[in-house]
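Data block below; observations after.
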Amino acid sequence: MTTAPRRPLPVNPGLTGAMTAVLAMALLAGCGGADGASPSPAPAPASAAAAVPSNDATVTATPAEPGATDAPADHNAADVAFAGRIIPHHLQAVDLATLAQSRAGDPWVRDMASRILSARDTDIRTLKGWLDMWGAEPLPRDHKMPGMQTRAEIDALAKLSGPAFDKRFTTLMIKHDGGAIAIAGVEQKKGAFDGGKALATAISTALSAEVKELKEYLAKLK
């Protein structure tokens with residue numbers, strides 16, 4: 001019987017080199033060995049998965065129920081916590097950047113907002129794929145985390161426009177990015193999943209550069 005030729009997977013031209021490497025490691029982690037072995041069994045359902053802790057300094061696993069299957073060895077509770085937190089954290093950055101596209105007065109701020117939207121969307125898609133693979137869900141959008149703004153702060157920002165918006169947006173994004181860097185730092189120290197640790201490093205590096213750029217811009221406004 002003739003076997004149809006394999007078609008190469010499509011490549012997203014928008015992915016950066018760092019992100020491509022992260023996705024490659026994630027794909028390798030989910031595939032069988034070179035000897036053609038079948039992929040690893042699907043992870044345990046969310047009820048047996050590790051709990052997502054609410055404290056950045058502590059990552060603990062939920063005790064397994066009697067007879068429950070052990071969690072896959074390629075990830076741990078810290079990995080689940082990282083993905084579960086960064087998704088809603090990034091989604092708030094998307095909210096802030098979306099406001100900037102219509103309310104910012106400086107073209108530089110609108111350009112920064114466009115870059116934020118593109119980068120965060122890529123991360124969110126990757127992290128959501130991992131949570132789906134692990135049978136877990138992200139934290140709620142309003143979960144309190146480092147760097148997150150309150151509903152009142154976002155509503156107040158939405159009422160601004162022009163230079164007043166630019167200054168407030170830049171100030172809030174510096175704080176927001178700092179929170180994401182802190183969350184990524186926990187994954188770098190406590191995570192077990194190679195893809196998660198690599199993405200945490202990429203996020204920390206990218207957002208540190210973003211904070212530097214935002215601070216330089218803010219200094220010019222004073």
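Is it true that some residue in the range 163-184 is assigned to a helix (DSSP H, G or I), surrounded by 17 or more Cβ atoms within 10 Å (Cβ to Cβ), of a type outside the set (D, E, K, R) and free of Cβ contacts under 8 Å to residues at least 40 places away in the same chain?
For the range 163-184, residues assigned to a helix (DSSP H, G or I), surrounded by 17 or more Cβ atoms within 10 Å (Cβ to Cβ), of a type outside the set (D, E, K, R) and free of Cβ contacts under 8 Å to residues at least 40 places away in the same chain: present.
Out of the range 187-222, which residues are of a type in the set (A, V, I, L, M), in contact with a helix residue (DSSP H, G or I) (Cβ under 8 Å, 6 or more places away or on another chain) and assigned to a helix (DSSP H, G or I)? Write out each step before concluding.
Within the range 187-222, the subset of a type in the set (A, V, I, L, M) is 192, 198-200, 202-203, 206-207, 209, 211, 214, 218-219, 221.
Pick out the ones that are also in contact with a helix residue (DSSP H, G or I) (Cβ under 8 Å, 6 or more places away or on another chain) and you get 192, 198-200, 202-203, 206-207, 211, 214, 218, 221.
Those that are of a type in the set (A, V, I, L, M), in contact with a helix residue (DSSP H, G or I) (Cβ under 8 Å, 6 or more places away or on another chain) and assigned to a helix (DSSP H, G or I): Ala198, Leu199, Ala200, Ala202, Ile203, Ala206, Leu207, Val211, Leu214, Leu218, Leu221.
Looking only at the range 145-162, which residues are part of a loop (DSSP other than H, G, I, E, B), on the phi < 0 side of the Ramachandran plot and touching a residue at least 24 places away in the same chain (Cβ under 8 Å)?
Taking the range 145-162 first, the residues part of a loop (DSSP other than H, G, I, E, B) are 145-150, 159-161.
Okay, now just the ones that are also on the phi < 0 side of the Ramachandran plot, so 145-146, 148-150, 159-161.
Matches in the range 145-162: Met145, Pro146, Met148, Gln149, Leu160, Ser161.
Looking at the range 102-142, which of the residues that are out of contact with any Asp or Glu (no Cβ under 7 Å at 6 or more places or on another chain), touching a residue at least 60 places away in the same chain (Cβ under 8 Å) and not in a helix (DSSP H, G or I) is farthest from Glu213 (Cα to Cα)?
Gly135
What residue, of Arg125, Arg151, Arg141, is in contact with a Pro (Cβ under 6 Å, 6 or more places away or on another chain) and either of a type in the set (D, E, K, R) or open to solvent by 40 Å² or more (accessible area, probe 1.4 Å) (or both)? Full working, then the answer.
On the way: Arg125 fails: in contact with a Pro (Cβ under 6 Å, 6 or more places away or on another chain); Arg151 fails: in contact with a Pro (Cβ under 6 Å, 6 or more places away or on another chain).
Result: Arg141 is the single residue among Arg125, Arg151, Arg141 that is in contact with a Pro (Cβ under 6 Å, 6 or more places away or on another chain) and either of a type in the set (D, E, K, R) or open to solvent by 40 Å² or more (accessible area, probe 1.4 Å) (or both).
In the range 197-219, what count of residues is obtained for those that are over 17 Å from the mean Cα position of the chain (by Cα) and hydrophobic (A, V, I, L, M, F, W, C)? Walk me through how you get there before you give the answer.
Residues of the range 197-219 that are over 17 Å from the mean Cα position of the chain (by Cα), as a first pass: 212-219.
Pick out the ones that are also hydrophobic (A, V, I, L, M, F, W, C) and you get 214, 218-219.
The total comes to 3.
The values are calculated or read from the model by the stated rules, or taken from the named source; none is laboratory data. Remember, it's a predicted structure, so these values are computed and weren't measured experimentally. Here the Cβ is made from the backbone with ideal geometry for all residues, glycine too, and neighbour counts use every protein chain on show. Keep in mind that these areas ignore ligands, DNA and RNA; they rest on the heavy atoms of the full protein, side chains included. Shrake-Rupley method; radii C 1.70, N 1.55, O 1.52, S 1.80 Å.
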